[in-house]
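The values are calculated or read from the model by the stated rules, or taken from the named source; none is laboratory data. Since the structure is predicted, the reported quantities are computational estimates derived from the model, not experimental observations. No Cβ is skipped: glycine too gets one built from the backbone with ideal geometry, and neighbour counts run over all protein chains shown.
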Amino acid sequence: MKKGGTPRGGWLLLFFAPVVLLIGSLLVAWTEYWFPEIASLAPWTTWTMLVIAASSAAVVILMIIYTLPPYIHFAKKGEEAIAATAIGNERYINALAGSGLGFWEYDLSTGEAFYSARMMATLGYPDHDQIEQMTFWYNSIHPDDAEGVKRAMEYYLDGRTREYAIEYRIRRANGEYLWIMDIGKATRDDVGKPQKIAGVIEDISSVKRVQEVLSARTTELELAKGKIEEEVRNVRKFQKAVDSSIEAVSITSPDGAIIYVNPAWVALNGYSIEDALGRNSRLLKSEETKPEIFQALWEKISAKLPFHTEDIVNKRKDGTTYLAELSIYPIAEGDQTLFYVSVCQDISLRKEIDRAKTEFVSLASHQLRTPLSAIRWYSEMLLSKYVGELNEKQRQYVGEIYQGNLRMVDLVNALLNVSRLDLGTFAIEPETTSPVEICESVLSELAPQLTEKKQTVERVFTQAPKTYLADPKLIRIIFQNLLSNSVKYTQAGGALLAEISVKQNSLYIRVTDNGYGIPKSQQSKIFQKLFRADNVRQKDTEGTGLGMYIVKAIIEASGGQIAFESEENKGTTFHVLLPISGMVKKEGSKGLT
Amino acid sequence: MVKKQKHTILVLEDDRQLVSAVREALGEHGFEPIMVSTVEDGIKELEKGKHIDVIWLDHYLLGSGNGLDFVVQMKNHPEWKNIPIFVVSNTASAPNIRSYLELGISNFYTKADHDITQIIGDIERSLEGKN
C-alpha cells in the first residue's frame, strides 16, 4: 500500500481554534467591562460583544471547514486500509493453510519464535499456533544437517547470501525425521540489522523419496549402461577373435540354419557368407562320412552335450572333400538350446602324417625284431652251455643281456600293437574262449613275481560265464596288463583280486589291488600313450607306458567300456565291461601280440 | 641225444646271424640241419631226394618267392606234403599266418617271442609223436 502522510491543517485547527476562542472571550470580557463606563459606548456593548463572539465563531468555523474534509477523507482511507489488510492476511493464511506450508517467525532480539498451527502439525505436534524458543527449532534439526542450517542462516543474516533457502531433515514429535524445504526472509532496520526473520517450511519427504528412488534408479541405470558397454566391448572382442580364428567357426540355430560363419570357414569350404547364411549346415555333408558319426553327433547335441569327432568328411562347394576335426558345442539357457557353435579344421594332412608316422613305427619295430631274435637266441645259447661252461660273472652278465632283450621285445611288441590299433589294421578273430582259463594262465605266468612279493590273489569266478566269444589274444592282453600292473604297483605283501562275472548284460572283469594307487592329478592321463604316473616311475623303471592305452583301445574296439577308481597309497580298481554277445570279427592285416 | 637217430631238418632262413644260431642250436639238439636262404634252393634240396624229416621256414626269404609259395609247392607234391613245417618268422601278417595255418603247417612262431630251445623242443616233441 502506498504510504500517505496525515492531511494538512489538523494542527492549525487544534492550536488556533482555542486561541481564537480565548481572544474572542477576552475581547467580550473587555467590552463588557469597559463599554458601560464610557456612556457613549454603552449602547454598543451588546452589539460589540455579539460581533466579537460571532467573529471568533466564524474564524473557528472557517478553520473547521478548511480542515475537516481531508480528515474525513483520511479516516475513510484508513478504514479501507484496515479492511484491505485484514483481507490480505486472510488470503495469506488461507494460502499457507491450503499449500500445506508451515509459517514461522523468529524475533532475533528476544529469541522467541512463532510457529503456525500448520507447521506444528507438520512436525507432529498439536494443531495450533505455538510460541516457543528458537532453540526448539534448532534442536529438532537432524545432527548431520544442523551445522549446515546454522551456517545458511548466519550467512543470510550477515548479508553474505541473498536468500535463506535450505533443505534439511527435522525431527518430528515421534522421533522420525522429515525432509523439509525452509525459505525465510528477514526484516531489517534502517542500518540493515536484521530484526526478525519469518519463513515457511514445506514437507518435501515425498519429493526426497522420489529423488532417492530416482537417484538409486539413475545409479542402477548407469551401472547397467556400464555393463552393457562392457558387454558390447567383450562381444566385439570375441567377434574379432572368432573372425580372426584360423579354425572354421560357424553358428547354427537349433533347426540347423547357419547364422554365422567366420572367414576361415569361408576359406575352408568355398561358400561365401551370403551363400552360407540361412542354409542348413547339412550343405557340407558328404556321403563319405559313416552314418554312425551323424547318429553319435545327434545323440550328443540333443542331450546338450558337446560333440567331438575326427572322423567326419566334409564336402566343399566345389565338390571336393576333406577329413575334418569337428567340435559342436550346444549353447543352452535352461532347457532351451539357443544355438550350436561348431569349430572345424581340415585334418587330412595331419591324419596323413599320423598314418605315415605310425607306419614308420610299425616298420621300424618289425625290423627291430630280427636283431632282437639274434640277441635272444645267442644269449640263450651261451647260457645253455653249448659252447662250454660260463663262469658265474659271465653267466650273470649274459643273463642281464637276455633279460634286457626280453624287455626290448616287449616294448617292440607294444609299439606294434599301438601302431596296429592306431592304423586300424589289427584283426579281431573271435572264438569260443574261457575268460577264467585265460586269467588263470596269466596269473600262473605272474606266479614268480607274486611269490617274490608275497602277494595274494583272491579269485571271484563263481558267476563267471563258462565260455565267451572273443579273440583270446585280446582278452589275454587285457588280463596281462591289468594283473601285471597290479603286481608291479602293489607293495610286497599286498592283496589283489580278480573277478569275472556277468553284469549289466555284459562280461564284467574287475581287477583290484591295495597298492600305490594313481595320483588324482594324473588319473585323466593313464590311458594316454607313453604315460607313466610319477609315483610308480620312481618305484619301477620298467613298463612301457603303452599297456593301458592298448587295453583301452582293445576294449573300445570290442564295443566295451573301461573305468577305474584309485586313491594314492590305498589302491586301484579297474572295471571292464564287454558286450555279452562277444567280440565281432574284424578283418585286419595284423593280429595283436 | 647221440643215441637217437639224427633227424634231418631243412631250414629256410635268410638272415646271416640267425642262420648261424639256428644251425648251431639244431646241431646241439642232434639234428642234421640243411641251411638254405631261398625258396628255389629249398625245393632243390627236396628234389635231391634225401629224406627230410621236418622243415623250419621263415616267411621272408632271399630271392623270389616267400614261405607261403614254398608251402604251396610242398603241399602240392605227393612226397613232400606230409613233411611237418614249422614257420618261424618275425614279420608275417595276420592273413599270412592264417593262410599258413589253413595250408596245414604244424605251428607258427614269432622269433623274438620265443627261445630257440622252445621251438626246437616243440619240433622234437612233434617228431617223437609221429614216430
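A few points about this structure:
- Across segment A:347-357, a minimum of one residue is classified as surrounded by 18 or more Cβ atoms within 10 Å (Cβ to Cβ) and more than 14 Å from chain B (Cβ to nearest Cβ).
- Residue check for B:LEU127: farther than 19 Å from A:ARG376 by Cα and surrounded by fewer than 16 Cβ atoms within 10 Å (Cβ to Cβ): no
- Within segment B:109-123, considering residues that are more than 9 Å from chain A (Cβ to nearest Cβ) and in contact with a strand residue (DSSP E or B) (Cβ under 9 Å, 6 or more places away or on another chain), the one nearest to A:LEU592 (Cα to Cα): B:TYR109
- With respect to the conditions (1) of a type outside the set (Lys, Arg); (2) in contact with a strand residue (DSSP E or B) (Cβ under 7 Å, 6 or more places away or on another chain); (3) under 27 Å from A:PRO371 (Cβ atoms); (4) part of a loop (DSSP other than H, G, I, E, B), B:PHE70 falls short on a single one, namely (4).
- Remark: B:ILE55 falls outside the filter, which requires a residue to be among the β-branched types (Val, Ile, Thr) and more than 19 Å from B:GLN118 (Cα to Cα).
- Condition check for B:LYS44: more than 30 Å from A:LYS585 (Cβ to Cβ) and either at pLDDT below 90 or surrounded by fewer than 18 Cβ atoms within 10 Å (Cβ to Cβ) (or both): yes
- The criterion of being closer than 26 Å to A:LEU372 by Cβ and more than 14 Å from every other protein chain (Cβ to nearest Cβ) does not hold for A:SER434.
- Qualifying residue in segment A:547-564 (condition: modelled with pLDDT of 90 or more, assigned to a strand (DSSP E or B) and surrounded by 17 or more Cβ atoms within 10 Å (Cβ to Cβ)): yes
Residues checked against (1) touching a Cys at 6+ places or on another chain (Cβ under 9 Å); (2) without any contact (Cβ under 8 Å) to a residue 60 or more places away in the chain; (3) within 25 Å of A:ARG459 (Cβ to Cβ):
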{"position": "A:ILE500", "(1), (2), (3)": "yes, no, yes"}
{"position": "A:TYR508", "(1), (2), (3)": "no, no, yes"}
{"position": "A:SER521", "(1), (2), (3)": "no, yes, no"}
{"position": "A:SER524", "(1), (2), (3)": "no, yes, no"}
{"position": "A:LEU530", "(1), (2), (3)": "no, yes, no"}
{"position": "A:GLN538", "(1), (2), (3)": "no, yes, no"}
{"position": "A:ALA557", "(1), (2), (3)": "no, no, no"}
{"position": "A:PRO579", "(1), (2), (3)": "no, no, yes"}
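- Residue count for segment B:73-106, restricted to those that are within 14 Å of chain A (Cβ to nearest Cβ) and either among the hydroxyl-bearing types (Ser, Thr, Tyr) or part of a loop (DSSP other than H, G, I, E, B) (or both): 7.
- Answer residue from segment A:515-546, given it is assigned to a loop (DSSP other than H, G, I, E, B) and of a type in the set (Gly, Ala, Ser) and is farthest from A:LEU421 (Cα to Cα) among those: A:GLY515
- Residue within segment B:29-51 that is at the interface with chain A (Cβ under 10 Å from one of its Cβ atoms) and more than 28 Å from A:GLU359 (Cα to Cα) present: yes
- A:TYR386 vs. criteria modelled with pLDDT of 90 or more, not assigned by TED's automatic domain parsing to the domain that holds A:ILE554 and not β-branched (Val, Ile, Thr): no
- Filtered by the rule that a residue be touching a residue at least 40 places away in the same chain (Cβ under 8 Å) and either aromatic (Phe, Trp, Tyr) or touching a Phe, Trp or Tyr at 6+ places or on another chain (Cβ under 9 Å) (or both), segment A:75-108 gives A:LEU96, A:GLY102, A:PHE103, A:TRP104, A:GLU105, A:TYR106, A:ASP107.
Okay, residues lined up against (1) within 10 Å of another protein chain (Cβ to nearest Cβ); (2) within 30 Å of A:ILE555 (Cα to Cα); (3) buried (at least 18 other Cβ atoms within 10 Å of the Cβ); (4) modelled with pLDDT of 90 or more:
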{"position": "A:PHE360", "(1), (2), (3), (4)": "no, yes, no, no"}
{"position": "A:ILE375", "(1), (2), (3), (4)": "yes, no, yes, yes"}
{"position": "A:LEU382", "(1), (2), (3), (4)": "no, no, yes, yes"}
{"position": "A:LEU411", "(1), (2), (3), (4)": "no, yes, yes, no"}
{"position": "A:ASN417", "(1), (2), (3), (4)": "no, yes, yes, no"}
